[in-house]
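The values are calculated or read from the model by the stated rules, or taken from the named source; none is laboratory data. Being a predicted model, the structure only gives us computed values, none of them experimental. Only protein heavy atoms, including side chains, enter the accessible area calculation; ligands, DNA and RNA are left aside. Shrake-Rupley method; radii C 1.70, N 1.55, O 1.52, S 1.80 Å.
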Amino acid sequence: IQTNQGNYTGTIETGQAGESIPSGTATKLTEAFAGGMPSTWEIEDKGTGGGAASTWTTSNPGNRTANLPIAEPFAIVDSQAAGAGADQDERLILPTLDLTGAVSARLEWDAVFVDLAATDERGDVDVLSSNTGGDAVTVFRYISNSANPDHRSIDITNEAAGADDVVITFRYNGGVNSRWWIVDNIRVTYVYPASCQLIGCASTT
């Protein structure tokens, strides 16, 4: 051992520092609307008319029901309750998600989509981020009656993994005095890579 004060002979213990963290899955967002519509979520009402049923709400203006695991309160846009005098282009927008460290990502939800065959109503689930060039990519579309409940688990790796500006939107449009779309139990999960964590000791001086 060489120092400014002289040379010394001794031994030094060596070993691996830090803790290996294996890859795994984590939850970025989960929402079951138990407390109503979250204040951090945005609703865009681009239609006209409809009163209390004009756009997305958790108040269930048409008193609709759904099978478990969907349970009130849930998010719903109800064209029939809005009535013949309304038209709807309604967006339920989740808060922006940072999935920078994700190697893959998945979006899940439970829903009931009830369609009136004579109309062009549809329910689009869109994802946009820097991965998509800022364009909304439709990862799933309802155009006819779904199961009750309808559970979906969609891989959104290409649209979301590695991006810090992920926006997910549930958009209902094309319905005039049509039917309704219930959404519940929204969940975003991601897989993170293996890593090494090194925690420094607190200073004692």
Suppose accessible area is computed on protein heavy atoms with a 1.4 Å probe; arrange 46, 28 from highest to lowest.
46, 28
The chain, accessible surface, carbon-and-sulfur percent (1.4 angstrom probe)
47
To the nearest 10 square angstrom, how much accessible area does residue 199 have with a 1.4 angstrom probe?
130
Looking only at 169, 119, 58, which one moves most when the chain is put into a Gaussian network model with springs between Cα atoms under 10 Å?
119
May I ask you to rank 155, 110 by accessible area, largest first, using a 1.4 Å probe over the protein chains only?
155, 110
Note the listed values [x] 67, 41, 31; [y] 93, 33, 30; [z] 64, 35, 29, then indicate which one is Cα extents along the principal axes in Å calculated from this particular structure.
[y]
Probe 1.4 Å, all protein chains present, accessible-area order of 180, 109, largest first:
180, 109
Mind checking the full-extension length gain between residue 25 and residue 63? Use 0.36 nm per residue of separation minus the Cα-Cα distance, one decimal, nm.
10.0 nm
Accessible area per residue of the stretch 13-130 at 1.4 Å probe, in Å²?
47
Given the options 118, 32, 52, which has the most mean-square fluctuation in a GNM of the chain, springs set between C-alpha atoms less than 10 angstrom apart?
118
Taking the full set of protein chains and a 1.4 angstrom probe, give the accessible area of residue 45 in square angstrom, rounded to the nearest 10.
70
